[in-house]
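Each remark here refers to the structure printed beneath this line.
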């Protein structure tokens, strides 16, 4: 990541959310504290009860002025997962999660796809060296901005529209971020994916901007796949990819496919980033309310998300310590049942925190 400053004290806002979001956030915070202590760093954590319980109690979703308060008082925001069947409209989840993405202008959704153990992939004859790439999803435009409407709802003549918004500024900055990330990490390939053969206006813009920006990075191999072909290639030959950049909806879809290639959503972290500014970090999986409180949910995506956040904040050694712990847990079978292990949510968090504390932070 393009890191913020790396001072020895950080203030983190924590929004556990709903369902298993609460369960996995407890374990993520446990490992976060262990990594900070091992590195001799100081954390100030403040928890906010923004979720379904609070919404059902008094109607609060994202309080007025919350984004300004977060910018002023915190270095980062960590979110568990949001969503509850008691709120069928999911208004609270949309207001909080999408609200913060748009209001904080978190235009980079960063989703690493890293295979930790070859036994976890459903692909035949593939191992850790074959599946190691990152997806950058444009996070503030596209079909997810909510522009459109319904006319004559509930009648035989009903009409629904959904608008796909693409701006030159938005497209250019996410493509440029992908190239800058590749250059910084000494990667040699960037792939842009769109559907410009069918979406002839919005994705023509993606094509033209990609062609212009790639000229500034001659040392990096640039290639393009239509999104349907990209999904096929991710299954056929994932080793060809290092950095993938695409629009909001396609990024959502291909990163979930990527998660399944490495073991499922229980190993799918993400960051919502504005370089150099307050950013928000969350696991990709949902809130799965029926599993809440049962000590069965996999906390590793949330804990890997902690590593992305630490790296973004400039605590790279602490991030490495967390990632090393997760990799060791997978290799040693210290996992929840979805990954073939015998442990519960809390026990995985305890094992990882203990591993980080004992191994320390490399300098």
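Each reported figure results from applying straightforward, stated rules to the coordinates on display, with no laboratory input. Keep in mind the model is a prediction, meaning the values are calculated, not measured. Every residue, glycine among them, receives a Cβ derived from its backbone with ideal geometry; neighbour counts consider all protein chains shown.
At 0.36 nm per residue, minus the direct Cα-Cα distance, what do residue 160 and residue 216 gain on full extension? Give it in nm, one decimal, please.
Here the answer is 16.0 nm.
Region 301-322 and region 109-170 have their alpha-carbon centroids 24 Å apart.
Looking at the chain from every direction and averaging, what is the projected area of its Cα convex hull in nm²?
19.2 nm²
Taking the convex hull of the alpha carbon positions in region 120-265 and averaging its projected area over all directions gives 10.5 nm². As a length-normalised measure over Cα pairs under 8 Å and 6 or more apart, the relative contact order of the chain settles at 26 percent.
Within the listed set 81, 52, 301, the residue fluctuating most in the Gaussian network model of the chain (springs between alpha-carbon atoms under 10 angstrom) is 52. Rounded to the nearest 0.05, the FRET efficiency derived from the C-beta distance between residue 239 and residue 72 at R0 = 35 Å is 0.20. Note on the chain: with a GNM built from Cα contacts shorter than 10 Å, the maximum mean-square fluctuation among 42, 25, 61 falls on 42. As a length-normalised measure over Cα pairs under 8 Å and 6 or more apart, the relative contact order of region 120-265 settles at 38 percent. Result for the chain in a Gaussian network model with C-alpha springs under 10 Å: among 248, 323, 197, the largest mean-square fluctuation is at 197. Structural size metrics of region 230-332, computed from C-alpha coordinates, are Rg and Dmax of 14.8, 41 Å.
Using C-alpha pairs under 8 Å with a sequence gap of at least 6, the mean separation divided by the residue count of region 14-169 gives a relative contact order of 19 percent.
Rounded if a/c is under 1.5, else prolate if a/b beats b/c, else oblate: with a ≥ b ≥ c from the C-alpha gyration tensor eigenvalues square-rooted, which is region 49-150?
prolate
Using a simple spin-label model with pseudo-atoms 7 Å out from Cα toward Cβ, residue 119 and residue 183 lie 4.3 nm apart.
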